[in-house]
Each structure stands twice: as C-alpha cells, then as structure tokens.
Amino acid sequence: MLNIIAAESWSSEALWKWFSAQRAVNEAIAALEDAGAGLLPLVEASDWQADGVRALHALIIELKDRTTIEVGVLGSRLWELDAAGRP
C-alpha cells in the first residue's frame, strides 16, 4: 500500500525538528542506561540483612527496574520517530 504522507517532501525545519527529537531521545536513553548501570553495583553492595539497608536495597532495585522501563518507553518513541522519518 502506498503511503502518501511518507511521499511528501520534508521542509528543512521539519527535518531539523525530527533529527533534534531523535537526538534528544537517544541522549535520554543513554542517560537512563548509564543510571541503570550505575545502580547494578549498588544492588549487590546493599544486599545485607539489616532492616534499613534492606529497605535501601529494595529502593535501589525499584529504581533500576523503573529506569529499565523508561529505556523501553523511550526506545518505543525512538522507533516511532524512525518510522515517521522514513520516506
């Protein structure tokens, strides 16, 4: 099926916005991946048996899981941007 919208030419401003959005999403993904990687050693280091440290350990695991989820969400947005930018 022919996609007429994709056949339209992009203005330089629209193309610049698309590249800027793609770059911003890629930067956000990289930052979240770095944050998630930084949390991994804390998960092991905080795996003690004291109640306070156990609560901290649970919080670190939750933060790691949330960053992983956000990377997935931003990956979907990047896929959508890539799909919108294909002629």
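The values are calculated or read from the model by the stated rules, or taken from the named source; none is laboratory data. Keep in mind that what you see is a predicted model, and the values were worked out from it rather than measured. Cβ coordinates were reconstructed from backbone atoms using ideal geometry, including for glycine residues, and neighbour counts include every protein chain displayed. Protein only, heavy atoms only, side chains kept; ligands, DNA and RNA dropped before computing areas. Shrake-Rupley method; radii C 1.70, N 1.55, O 1.52, S 1.80 Å.
Only DSSP H runs of four or more residues enter the estimate; each adds -39500 (n - 2.57), and after division by the residues of the chain the mean residue ellipticity at 222 nm equals -29500 deg cm²/dmol.
Expressed as a rounded percentage, what relative contact order does the chain have, with Cα pairs under 8 Å and six or more residues apart? Here the relative contact order equals 43 percent.
Given their separation in residues at 0.36 nm each and the Cα-Cα distance between them, W16 and E33 gain 3.6 nm when the chain is fully extended. In the chain, the portion of solvent-accessible area held by carbon and sulfur atoms comes to 64 percent [1.4 Å probe, whole percent, DNA, RNA and ligands not counted]. Most tightly packed first, judged by the mean number of other beta-carbon atoms within 10 Å of their residues, the peptides 33-43, 10-20 read 33-43, 10-20. Beyond 22 Å, the tail of the calculated P(r) for the chain holds 48 percent of the Cα pairs.
You can think of it this way: the chain between E44 and N26 has 3.7 nm of extra reach, that is 0.36 nm per residue less the Cα-Cα gap.
Probing with 1.4 Å while keeping every protein chain in the model, the per residue accessible area of the chain equals 75 Å².
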